[in-house]
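A quick write-up on the structure given underneath.
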Amino acid sequence: MTLIAVTKFHDGALLRELAALGVTDFGESRHQEARAKARDLADLAPTWHFVGQLQSKKARQVAEYARVIHSVDRASLADLLASDERESTGTPVEVFVQVNLTPDPERGGVRPQDAVALAEHIERLPGLDLRGVMAVAPNDGEPRAAFARLRSISEAVRSSVPRASAISAGMSNDFAEAIAEGATHLRIGSAITGIRPLRR
Ligand SMILES: *Cc1c(COP(=O)(O)O)cnc(C)c1O
């Protein structure tokens with residue numbers, strides 16, 4: 001189980017406190033903020049997880065500091081993240097296929113029925129290490145049911161790409177349900193950091 005402390009909108013001092021307490025994995029959702037923190041905290045060398053929606057034009061820049069990108073939801077984005085150089089140096093970017101469990105196409109994520117095809121596409125690209133699937137539970141409805149659905153999508157992905165067995169699911173309000181449905185990567189913000197500042 002990997003516990004990711006999601007620290008968006010919090011400043012570097014809080015991240016240093018968390019690191020001193022033993023947190024090694026930080027999650028961020030906005031590129032500029034994440035890049036600034038990665039620079040500020042370079043001496044701590046934590047693992048950075050990018051968990052927010054990712055614009056294509058920012059993709060390569062995010063891959064410079066994030067070891068893990070949880071929000072790959074289209075083939076064109078995966079193509080931009082692919083890298084022969086990272087393949088040859090054995091330092092791939094770890095990626096998750098984000099699945100949209102809502103009917104709203106504006107939410108990040110590939111449609112559930114397209115997850116396997118995207119996973120197969122990523123698997124063929126250099127410099128990417130496909131870890132599994134990721135989702136955010138819909139705001140309405142039962143998180144357990146949503147995560148059960150994610151688990152079945154994970155099984156479909158694994159039947160095609162057996163190594164891609166990780167499940168990134170669970171936030172402050174629904175991590176218990178996510179764990180019950182097999183989550184391997186928890187993305188926890190406010191339950192660790194306290195209430196988020198509105199914006200920075
Ligand atoms: C902010 C965020 C989290 C953490 O949310 P909390 O409810 O504060 O735990 C997890 N995942 C994603 C994608 C986020 O944007």
Between SER190 and ARG107, what is the FRET efficiency for a Förster distance of 22 Å, r being their Cβ-Cβ separation, to the nearest 0.05?
0.65
Hull volume in cubic angstrom per residue (convex hull over the Cα atoms of the chain):
119
Using amide H atoms built 1.01 Å from N in the peptide plane, name the residues 5+ places from THR2, or on other chains, whose amide H lies under 5 Å from its own.
HIS185, LEU186
Would you mind checking which residues have amide H under 5 Å from GLY27's amide H? H placed 1.01 Å from N; only 5 or more apart, or other chain.
ALA5, VAL6, THR7, HIS49
Accessible surface, the stretch 1-120, averaged per residue in Å² (probe 1.4 Å)
48
Euclidean distance of C-alpha centroids, the stretch 181-199 and the stretch 135-151, integer Å:
16
Using a 10 Å cut-off on Cβ atoms, rank the peptides 155-166, 121-132 from the highest mean neighbour count down.
121-132, 155-166
If packing is taken as the average count of other Cβ atoms within 10 Å, what order do 27-38, 139-150 fall into, highest mean first?
27-38, 139-150
So the carbon and sulfur contribution to the accessible area of the chain, 1.4 Å probe, in percent, is 49
Using r as the Cβ-Cβ distance of THR89 and ASN173, and R0 as 25 Å, what FRET efficiency do you calculate, to the nearest 0.05?
0.05
Test of understanding: what is the full-extension gain from LEU44 to GLN32, defined as 0.36 nm times their sequence separation minus their Cα-Cα distance?
2.4 nm
In the neighbourhood of LEU80 defined by beta carbon distances under 12 Å, the net charge of the other residues (Lys, Arg +1; Asp, Glu -1) is +3
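The values are calculated or read from the model by the stated rules, or taken from the named source; none is laboratory data. In this text the structure is predicted, and so the values were computed from the model without any measurement. Backbone-built Cβ (ideal geometry, glycine too); neighbour counts: all protein chains shown. In case anyone asks, the SASA skips ligands and DNA or RNA and just uses the protein heavy atoms, side chains included. Shrake-Rupley method; radii C 1.70, N 1.55, O 1.52, S 1.80 Å.
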